[in-house]
Amino acid sequence: MKLCQPPTQTTWSQIVNDFWDLWNFPDCIGANDGKHVMVKAPPNSSSKHSFSVVLLALVDTHYKFTFVDIGSYGRYSGGGIFAHSKLVKYLETHLGILEDKQLPGTSCLTPHVIVGDEAFPLKTYLMIPYPTLQSKGDSKKSIFNYWLSRARRVMENAFGILSQKFQIYQRTLYSLLDNADNIIFATCILHNYLRDQGIGLSDMGSSANVQSNITKIPNQGGSAHQSAFEVRDKFKQFFNSLSGSVPWQNEGV
């Protein structure tokens, strides 16, 4: 795993504040997602096959990569990529640098979390949506899903901007696997630099028609512990306590 911007307690706290101020999601330290990047062995390689390098990433509110975990993960099934990643090992051992915090305006303590989609397993530190079949007939779960999806936009936008700016993501990359890891990491570092300098594409850069070489990793699976369900329920109750509990009616969604 590589650190794009070494985190400190001050960094974490600023990210938490930004997620609340900009996206109205409390106690959140990042959005998480993963993509396959296709890599074709160069002509002088002993192998003529294409390989898939996985880019797992954590992103802040300004579409900057905080952590990236890059590797082939060829020996693992789709469900094993996240479980065996260095990113998840880091999250499970380092999130405690910030103590549990009360949800705004309440006395309810929750751990700090990252937000992901249904491809990832529910964890006490990783909030994912309620399944569609559950939320379809449950307005409270639908409201939670709305706010989580809203916060996750930073991840989708970050990958969209990355793939538009660097053309290697618009075609199969010809490189040795070890070199591919370094190339992908370099684009993440340059992406962050351009964000800091205000150079590059708009924040809402569309990823349409330019991500042919970036594909979604398969669902990771895995069972969740009861404590993870309890944490998600606390967030659900919090979002339903906000004024205007059906936000999409006000946004024309």
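The values are calculated or read from the model by the stated rules, or taken from the named source; none is laboratory data. Just so it is clear, the structure is predicted and the values come from calculations on it, not from any experiment. Cβ placement follows ideal geometry from the backbone for every residue including glycine, while neighbour counts extend to all protein chains displayed.
Applying the criterion of at least 1 residues that are modelled with pLDDT of 90 or more, touching a Gly at 6+ places or on another chain (Cβ under 9 Å) and among the basic types (Lys, Arg) to the helices (runs of 4 or more DSSP H) found wholly in segment 80-167 leaves 139-165.
Among the residues of segment 110-159, those that are over 13 Å from the mean Cα position of the chain (by Cα) and β-branched (Val, Ile, Thr) comprise Thr110, Thr124, Thr132, Ile143. Got a number for residues in segment 164-203 being small (Gly, Ala, Ser) and crowded, with 18+ Cβ neighbours inside 10 Å? Number satisfying all stated conditions: 2.
Looking only at residues in segment 207-234 that are exposed (fewer than 15 other Cβ atoms within 10 Å of the Cβ) and modelled with pLDDT under 50, which one is nearest to Ile168 (Cα to Cα)? Once the filter is applied, the top-ranked residue is Asn209.
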